[in-house]
């Protein structure tokens, strides 16, 4: 891997397809798994159709992406703020962010 700082490396980290596939309503703040009711460290996103999406990467960058292709996207996100159309699903393995738990 190129010599990137660890936060940049995690932006492009590939994770498995995910044990959990959940519909997700975009909101400001860390992703909370609807099924687990806990904050996640990260998740991949799946878009039902072409959409403009605003998300925060694991590295902390706030990104507004131009229309993305339908389907799963390899980048990891910690926050999905807005999607212009369609639906978003999150794909994750249930990795809980303990810094945000009770």
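The values are calculated or read from the model by the stated rules, or taken from the named source; none is laboratory data. In this text, all values refer to a predicted model and were calculated from it rather than measured experimentally. For neighbour counting, all protein chains shown are included, and Cβ atoms are generated from backbone atoms with ideal geometry for every residue, glycine included.
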*Within segment 35-46, can you find the residues that are in a loop (DSSP other than H, G, I, E, B) and closer than 14 Å to residue 19 by Cα?*
35, 36, 42
*Any residue in segment 18-29 that is within 18 Å of residue 99 (Cα to Cα) and either touching a strand residue (DSSP E or B) at 6+ places or on another chain (Cβ under 7 Å) or at pLDDT 75 or above (or both)?*
yes
*asked:* Within segment 47-62, take every residue that is assigned to a strand (DSSP E or B) and at pLDDT 85 or above and give me the one that is surrounded by the most Cβ atoms within 10 Å (Cβ to Cβ).
replied: 55
*Applying the selection to segment 66-88, what residues are within 15 Å of residue 32 (Cβ to Cβ) and at pLDDT below 85?*
88
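Being over 12 Å from the mean Cα position of the chain (by Cα) and crowded, with 19+ Cβ neighbours inside 10 Å narrows it down to one of 88, 83, so name that one. Walk me through how you get there before you give the answer.
Working: 88 fails: over 12 Å from the mean Cα position of the chain (by Cα).
Only one candidate qualifies: 83.
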